[in-house]
Structures are given as C-alpha cells and as structure tokens.
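Nothing in this text is a laboratory measurement; each read-out follows from the coordinates by a stated rule. Note that this is a predicted model, so its numbers are computed, not measured. Note that each Cβ is placed from the backbone with ideal geometry, even for glycine, and that neighbours are counted across all protein chains shown.
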Amino acid sequence: MLTAALSHESLPRVERALVVTAHPDDVDFGAAGTIAHWVQEGTTVTYCIVTDGDAGGFDPAVPRSEIPRIRRAEQVAAAATLGVTDVRFLGYRDGSLTVDMGLRRDISRVIRQVRPERMLIQSPERNWKRIPASHPDHLAAGEAAIFAIYPDARNPFAHPELLQDEGLADWVVPQVWVMGSPTPNHAVDVTEFFDHKISALRAHESQTAHMDDLTDRIRDWMTSGAVLADLPEGRLAETFQVVYI
C-alpha cells in the first residue's frame, strides 16, 4: 500500500522552544540537527531534562555516584555545540520515572517560566518498530509532558501553588513536535547540520565513546528519514509528529 511522503515544508520560525526529554542525550539522538536549525533561524531553545541518566554509562570503573554529575556536564556541553545555553534538570531517578502529579507540576513550572510557542517531547506511544525509542522513561516523560501542555500549564487552576507561591501564570503551548513517534508526519532536512549532530552526540562521552560506528549509524537513520520525506538522494532528515493544540 502506498503512503504519502512526510511533509518537509519549512514551518514559520518561533521565538521560544522548549524541549522535554527523559535522559541526557535523548534530544541529541532524536533531534540535534533540528535544534541546530532552529537556533540558526533565531529561536531561543531551552532544554528540560527530567532525569540525570544515573542508570547509564558503560565504564564499570566510574563510581555510580559520579554518573549524574558526568551526564549533566555532558548534556550542557552537547547543548553548547548546537547553540543552546539554557539547560535545566529536574533530578528524577533514571529508570523509575512514572507519570504523577509531581512530575506534571514540575514540567508545567518550566513551561510557565519559558513560555514557549513550540515544544519538542518524546512519544508517549510505544513504537513497535523501534523499541529502544520506547524506553519506559521516554514513554513516561512524553506522557507527563503532554499532560503538562494540556491541560495543566494552560489551566490557571491547575497546580495553584505555581501561581500563588511562584507567580507563574498559565501559558498555552500551541505547537508540539513529537520525536520517536510511530506515526511521523513531518521531516526536517538537516543535511547541513549533520556534523553538529555528531559533535553533540560525541559530547556524551560516557554513552557514545564505545560506538565506533556512531557516524555511520546516524547517517543511516537520517537517510531513512529523508527517504520517507521523498527528499533527493544524499539528503538527511529527522522526523517528527507535529501536532497543533
């Protein structure tokens, strides 16, 4: 059965974008090229990383107590390669993330602080074709983020302490980009930002130092995205489900 190619038309630039992911490095695997493109366009991008990735890492010689500090520093360095300087960490435990009112409130707080016109989140839907994209923490972060987008952050009566104690008024996020979605509908041609993506991923040394095939692996993924978007041969793309609320 034939399916329509993903849209790859450029969407209007926004002033502010907020990215919410479960772990350090998630945004770089899923969307570093797109983030670099947004920054080049003039969008101010903020990262909100829910956990410190403390269950990650491959070197048994590194004390587990050091992993949160290492991974935070790696994410800050990776963000800097793309021109992102505002990186916020919520400090939840890696591997045990659940969707509860505390997490919804904490993401809503960042939404009301940043007041983004666009958000990039992980998919709350399991992708049976790409199970690693559907890590339980990814699913939980995606679900909590979309709950924070709607209805929490826009509802002045949700999490009343945010307004009463912190002076954070409600905010409507009109546009959501979902990475790792099983049903993408949009692609971004990021061929010119491929080196930026690899640099960002290499900044996560604790996660990628052992990947001798990283560049080829990422190029293959992005080539597949370009094929889905019916882009010319040799182009590279990242894919998303774009939703307007």
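Remarks
- Among Ala200, Ala61, Ala229: highest mean-square fluctuation, GNM of the chain, C-alpha pairs under 10 Å: Ala61
- If you take all other residues with their beta carbon under 10 Å from the beta carbon of Ser206, and give Lys and Arg +1 and Asp and Glu -1, the sum is -4.
- Residues Ser108, Ser224, Ser181, Ser199, ranked from the fewest to the most other C-beta atoms within 10 Å, line up as Ser224, Ser199, Ser181, Ser108.
- Summarising the label geometry, the points placed 7 Å from Cα in the beta-carbon direction at Ile131 and Trp221 lie 1.8 nm from one another.
- At least 30 Å along the helix axis (C-alpha) and Kyte average at least 0.0, DSSP helices within the chain: none
- For Ile218, Ile111, order by how many other beta-carbon atoms lie within 10 Å, fewest first: Ile218, Ile111
- Within region 107-181, the chymotrypsin sites (Phe, Trp or Tyr not before Pro) that combine a DSSP coil assignment with at most 13 other C-beta atoms in a 10 angstrom radius are Trp128, Phe157.
- Region 117-176: trypsin sites (Lys or Arg not before Pro) falling in loop per DSSP and having at most 10 other Cβ within 10 Å: Lys129
- Projecting the Cα positions of Leu120, Val188, Gly33 onto the charge dipole of region 16-244 (unit charges on Cβ atoms of Lys, Arg, Asp and Glu, taken about the Cα centre) puts Leu120 furthest along the positive direction.
- Residue order, fewest to most surrounding Cβ atoms within 10 angstrom, among Glu66, Glu74: Glu66, Glu74
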